[in-house]
Structures are given as C-alpha cells and as structure tokens.
Amino acid sequence: MGAAMRRIQAGNALSAFGLGFTVPYLYVYVAQVRDLGAGTAGAVLAVFAMAALVVLPFTGRVIDRRGPLPVLVGGGLLASVGALAMGVSGSVPAAVLSATLLGAGTAVMQPALATMIVWCSSPTTRTRAFATQFFLANLGLGVGGLIGGQLVDESRPGSFMLLFSIEAVMFLVLAGIALTVRLPRPGALVGVVPQDPQDAGDGAAGPGPVAGDGRGGGMRALLSHRAMLQLCVLGFVLFFACYGQFESGLAAYGTEAAGIDPSTLGIALAANTAVIVIAQFVVLRLVERRKRSRVIAAVGLIWALAWVIAGYAGLGHGSQLMATVAFISTYALFGLGEAMLSPTVAPLVADLAPASMVGQYNSAFALVKQLALAVGPAVGGPMGAALHGPYIVTFVLFSLGITALALRLGRQLTPVQDQPSLATASRVVVRHQPETGPEAALAPTR
C-alpha cells in the first residue's frame, strides 16, 4: 500500500469514526433531546437520505471533470458545517436544513473516496484496497458509536453538541488529509483502457466502454453498458435486502414477532460489526482468487439462510433464549455476507468503468444504494411489524434473487473483470514464457 493509499484509508477511517458518534443517536436527539417529536425526527432522517439523491446525479460528472479531490474536500467542509449546525438546531427548519447539508456532504464524499482509491490502485490491488476501506469504515463506526454512547446524556443537550463537534472535526481532518494526497495526473488516466494485463499500471481502470467509442458520453454511455446496468440492479437488491432492513423491517420484526428486547438490537448490530471486523481479511484470502460473480451468488445463499433463521426466531416455537440467539445469528450472517461483498462489488464497479467515467460510475452506484436505503425501510418496516410470515418469505426470495442475478451478471463480464487474479497469472506466464525458435538454440545451457 503506497503513501497516497495509506492517507486515503486513514481519512476514511477517521470520518467513519466521526459518523459513529452521531448516527445511532440522531433520532433520539431530534425527537427527545430537542423535543421536536417523532414526526420531525423521521422527516430529518428522510431529508438526510433525500439530499443524497439530489446531489449524487451531478457528483460523478464533476469528479470526472475536476477530479475527486475538490469534491471530497468540498463534501467534507459541507458535512462539517451541517454537523455543527445540527448540534445547535432547536427548531424544525434548523434541523431540516442541517440534515440537508450533512446528508449532501456525506453523500458526495462516497464516490469521491471510491474514485481516489481507483486512481491509486491497479485492477490487481483494488480488491484488497476496497476490502480495507470497508473494514476501516466499520471499525471506525463501531468505535465511534461505542465512545459516543459513553459520552451522550439525554438530560444534557450539551453532550450531543460535543458529539456533533467531534463529527465536524473528523470531517475537517478528512479534508485536510485529502489535500496532502498526491494523486496520479488525470491526463494519464482519461481514455486509457488497458486490454492487455501487462498494460495495466497503477491507477489504470479496467476494461469498459470508453469515451468516443460510439456509445456516447455521460449517462448515455453508462446506460448502454449492459454489465453495469445489471450490476446496478443487483446492487439495488443487495442493499434493499440487507442494509435497508437493519434498522427498520428487521428491527420491527424482531421486537414484534420474536419478542426481542430493544436492547438486544444493539447487541445484534454489535455482532454484525464484530463479524465484519474479525472475518474481513480471512474472507479476503478466500475470495480474492475466485470469480466475483460466484462470490456474490454465495452471499445470496448465506443471506437466504439468515432470513430462514430470522423466521425461526419469530415464527418458531422455541424458547425466548433460542429466539434471541437466532436473531443475533441473523445479523452475524449478514456481516459475513458483507465481508464477502466488500472486496467484490465496489472494485467491480471500478473495473467496469472507462477511465474517463470512473466518477460517474461510482456516483451512479452510490445513487442506487441510496434509493435502496430509502425504499427498503418504507417497504420492510410495515411488513416486518405486521406481516411476519410474508416478510420472511419475501426476503428469502430476494436473497435467492441475488444469487440468480449474480450468476447472470457473470456471463456479461470478461474473465479478468470476473476474476482479477487472472491478470496477475497472465503477467507471470508472459514474463516467464520459455524461449523457442532459433534464438533458443543459441542460448547457453547449464
């Protein structure tokens, strides 16, 4: 890992650490501490997501034209202002405006960071780079949430101001670290799509449609890229069936159908994070030399099992202890699947993107993620609370759909896109190819 990548990863971890201080407590802060009511708290969370949906369609083009660094720095500054404003928000308009700034700032940072990782990696090192990013982000969120929980006090609004101030400082630290990163010159990347593994140097994008290849530019090129469209559909189902249910449908199902104590939800989320942190690099060694499409397909099967276990927790006739263990196991299995996805999905987006459109591809995929996170709670929340059997059946089917979509996507990928380790193998074969022909006869023998 080079110096630039180390700085990017450090900034990513610190910003996640700052987010961990406030994300678990934002609803409580708005509804109870500021006494603005549950309706306002729900609106604030919705605005936080909607702000991302508004800015992401424009973010990718700016990244590709101006580079990811100005977008990341601007997003960090915007999010910092939003965090500080949220800490002093005592009215509905102030809370909504703060959520808009915070949501927009954090949203644009995602594709900017992803693009910086792409620029500072090669197709063969990208898998490990994105796995490291996911690991550090989860570690930062977990540690931040743990420390924030010790500092927060619902009876003292000032304690929340401390949390939001720490978050704001972490965003500024991310922006400051980003300014010290020396990125490859954009001119060396634009339009370069290596077809031979030997031609892929650090910062080169993987095979994909290039600007000027007859597909058109911008969104037209992206929408004509069949593999990317299939990956976006797959991504929507992935985020809808997992992240979109964590704090809504699955939580409602656990408390209503399984009789899980609300405090157990925190233990389940902790188990999810622990599995990711512990298993990430063990899983990485197992999956990085396998086909990405088959790894994602395996995740669908693991998540289908997780939903079946959740079904037992709420619909079975076991003891309360068994229901609780099963419910926590569901979150742990989701974490195992997440650890398998981090070195496969995000690098695949980058490898599908032409060098001149990395930012737009990353932004498009981030937009798909936000859409899934917005639709997931709206659909899963009511079902998890009232339609317990149909809820489980629905998401078992969605998980099996992940497997089917992943295998179908695999047929659209080139061998190297599906299994980047083949590029390394190709280099070894080329470099150590035995000599043949007349020249070989003149070579000295030993």
Seminar exercise, completed: Residues of the stretch 338-366 being over 14 Å from GLY60 (Cβ atoms) and not polar (S, T, N, Q), in sequence order, are GLU338, ALA339, MET340, LEU341, PRO343, VAL345, ALA346, PRO347, LEU348, ASP351
Exercise. Hey, any hits in the stretch 282-289 for a residue that's β-branched (Val, Ile, Thr), over 19 Å from PRO24 (Cα atoms) and open to solvent by 40 Å² or more (accessible area, probe 1.4 Å)?
Worked result: yes
Exercise. Can you tell which of ALA346, ALA372, ALA385 is touching a helix residue (DSSP H, G or I) at 6+ places or on another chain (Cβ under 6 Å) and open to solvent by less than 10 Å² (accessible area, probe 1.4 Å)?
Worked result: ALA372
Exercise. Are there any pairs with C-beta distances below 7 angstrom linking a residue in the stretch 133-159 that is within 30 Å of CYS120 (Cβ to Cβ) to a residue that is open to solvent by 30 Å² or more (accessible area, probe 1.4 Å) and among the small types (Gly, Ala, Ser), with the two at least 6 apart or on different chains, and if so which?
Worked result: none
Seminar exercise, completed: Scanning the stretch 13-44 residue by residue, the ones that are touching a Pro at 6+ places or on another chain (Cβ under 9 Å) and either surrounded by fewer than 17 Cβ atoms within 10 Å (Cβ to Cβ) or under 29 Å from LEU139 (Cβ atoms) (or both) total 2
For this session: Examine the stretch 252-265 for a residue that is outside any helix (DSSP H, G or I), surrounded by 17 or more Cβ atoms within 10 Å (Cβ to Cβ) and charged (D, E, K, R), and state whether such a residue exists.
Result: no
Exercise. Out of all the residues in the stretch 55-65, is one or more touching a Phe, Trp or Tyr at 6+ places or on another chain (Cβ under 9 Å) and either surrounded by 21 or more Cβ atoms within 10 Å (Cβ to Cβ) or more than 19 Å from LEU141 (Cα to Cα) (or both)?
Worked result: yes
For this session: Return yes or no: is LEU172 touching a residue at least 12 places away in the same chain (Cβ under 8 Å) and under 20 Å from the mean Cα position of the chain (by Cα)?
Result: no
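The values are calculated or read from the model by the stated rules, or taken from the named source; none is laboratory data. For clarity, every value in this text was computed on a predicted model and none was experimentally measured. Note that we place each Cβ from the backbone using ideal geometry, even for glycine, and neighbour counts take in every protein chain shown. Accessible surface is based on the protein model in full, side chains and every heavy atom, while ligands, DNA and RNA are left aside. Shrake-Rupley method; radii C 1.70, N 1.55, O 1.52, S 1.80 Å.
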